[in-house]
Amino acid sequence: MAHYIFCEIAWMRYYNGITDFDIPRNGGKFIKENGEGCEVFNFSPFNHKCYGYVMHYGEEMHFERLDKKLKNSPILNDVTVVWVASNGDRSRIVGWYENAVMYRYWQYVPAGEKEHDYNFLAHEKDCYLIDEDQRSFIIPRAPKAGKGRGMGQSQVWYADSDYAQHELIPKVQAYLDSVRDKCKRFWLTKEELSKKAKDRGESTEELIEKANNKINFINKIPYLNLAVEKDDCYLTRYKRGRLFYSYDYLDEAEEDFKVALHFEENIDALYFLMCIQGDLNHLYIAIELGEKIHLRKTEDIEWYSTADILTSLYIDVGEISKAKKLMAECEAEENSEVHSEWIKRTRKYLRENHNIQ
């Protein structure tokens, strides 16, 4: 049986990052003071998964509120996370995760612009965002409804009262089932990811150009899929890998870059594969790839970027001496000024977090 937990976040339309048309509002103190918070990406998949954030006090989530046997468990499976937000009037259900994993302690996803802490992880197909005009289910507040009959001051409610378990949660589940098919799907199926454009006799270069001229991923990918089918080579794999990577489809990008490298061990493909392995937290594999580029750095027109990432990877695995050696090497290069900013930033980090001068 699934455990239910209610989490209050800021109100947004899409939770796919902040835009001019979608700004978080009615959140907690941090949102009010900073205009942003980690929940802005709660429904923005990264490599087919959503990473859910809610502000909570202390370092840990209290699993024992859901099941006393779980007092020392680091993770809890099969959780239904009900996301709640206020539109300025009442607190309403805005979406939910099914079959989610809940972590006792903060986790971290190194997802580029989406990097943030999280406590909940769910596959994108199990994440449902309710359209604004369908957000009709109001979650009561305990100060008015009574203790155990709604959310209190905390942004996390374990709903462990008899009322919540036997009266409220069944009503919540009935509502979720009623709006499930109306929720907008924000992920692509395998069939959509592998869709090919109609073959009109275009060359590989023409197909790549057509993909470049399209605005959205869903319109670009069919042309590159056809290009790979017609001419499976370094260029087509590299181009499609770049597209997958730019839209956070890391598994697909990883495969394309690996195949591309079988055709040609090009610095560019090595660089992106290194970035992907770092994002997937495969740090030693990322370091191995970075060191391959290091040996061929004269071929790398953006070596400073590679050096920055490789230094960070060394620090992440505790190889501080290697990080310092690489920084010293970069400072000694003729064009050392291009390295200055990231080296200053890294040295500051080492001083503040590792007490290393």
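The values are calculated or read from the model by the stated rules, or taken from the named source; none is laboratory data. In this text the structure is predicted, and so the values were computed from the model without any measurement. Note that we place each Cβ from the backbone using ideal geometry, even for glycine, and neighbour counts take in every protein chain shown. Ligands, DNA and RNA are excluded from the accessible area calculation, which covers all protein heavy atoms including side chains. Shrake-Rupley method; radii C 1.70, N 1.55, O 1.52, S 1.80 Å.
Observations on the model:
- HN-Hα J in Hz across the range 150-164 - Karplus 6.51, -1.76, 1.60, θ = phi - 60°, x for Gly and Pro: x, 6, x, 6, 5, 7, 10, 10, 7, 6, 9, 7, 4, 4, 4
- Across the accessible surface of the range 123-213, with the other protein chains kept in place and a 1.4 Å probe, carbon and sulfur atoms take up 47 percent.
- Projecting the Cα atoms of Cys50, Ala307, Ile130 onto the dipole axis of the chain, where Lys and Arg carry +1 and Asp and Glu carry -1 at the beta carbon, places Ile130 farthest toward the positive end.
- Fraction of accessible area attributable to carbon and sulfur, the range 239-345 (%, probe 1.4 Å): 49
- Solvent exposure of the chain, expressed per residue, is 54 Å² of accessible area, with all protein chains present and a 1.4 angstrom probe.
- Here the extension length gained between Asn77 and Asp177 equals 33.9 nm, from 0.36 nm per residue of separation less the Cα-Cα distance.
- Rg(Cα)/(2.2 N^0.38 Å) for the chain, N = residue count: 1.15
- Under the criterion of Cα pairs below 8 Å and six or more residues apart, the relative contact order for the range 240-357 equals 14 percent.
- The alpha-carbon atoms of the range 281-322 define a convex hull whose volume equals 63 cubic angstrom per residue.
- Estimated FRET transfer efficiency (Tyr57, Cys233; beta-carbon r; R0 51 Å; 0.05): 0.40
- One compactness figure for the range 232-277 is 0.94, namely its Cα radius of gyration divided by 2.2 N^0.38 Å.
- Under a model in which nothing but the beta-carbon of Lys, Arg (+1) and Asp, Glu (-1) is charged, the range 154-274 shows a dipole of about 580 debye around its Cα centre.
- Based on Cα contacts under 8 Å between residues 6+ apart, the chain shows a relative contact order of 11 percent.
- Contour excess over end-to-end distance, with Cα ends at Asp199 and Arg296 and 0.36 nm allotted per residue: 31.0 nm
- Placing +1 on the Cβ of every Lys and Arg and -1 on the Cβ of every Asp and Glu, with no other charges, gives the range 68-133 a dipole of roughly 620 debye about its Cα centre.
- Principal axes of the range 154-262: Cα extent on each, largest first, Å: 65, 29, 20
- Among Ser246, Ser44, Ser321, residue whose mean-square fluctuation peaks in a GNM of the chain (springs only between Cα atoms under 10 Å): Ser321
- Charged side chains reduced to their Cβ positions (Lys and Arg at +1, Asp and Glu at -1) give the chain a dipole of some 1540 debye around its Cα centre.
- Tail beyond 22 Å, pair distance distribution of the range 87-176 (Cα, percent): 39
- As computed over the range 280-357, the Cα convex hull volume per residue (Å³): 91
- Most to least accessible of Arg90, Arg135 (protein chains only, probe 1.4 Å): Arg90, Arg135
- Volume of the convex hull of the range 231-319 (Cα atoms only), normalised per residue: 87 Å³.
- Computed over Cα pairs, the Kirkwood radius of the range 314-357 leads via Stokes-Einstein (1.306 mPa s, 10 °C) to a diffusion coefficient of 148 µm² per second.
- Relative frequency of Cα-Cα separations exceeding 12 Å in the range 148-191, percent: 70
- Linear extension gain, Lys144 paired with Glu319, 0.36 nm per residue minus alpha-carbon span: 57.5 nm
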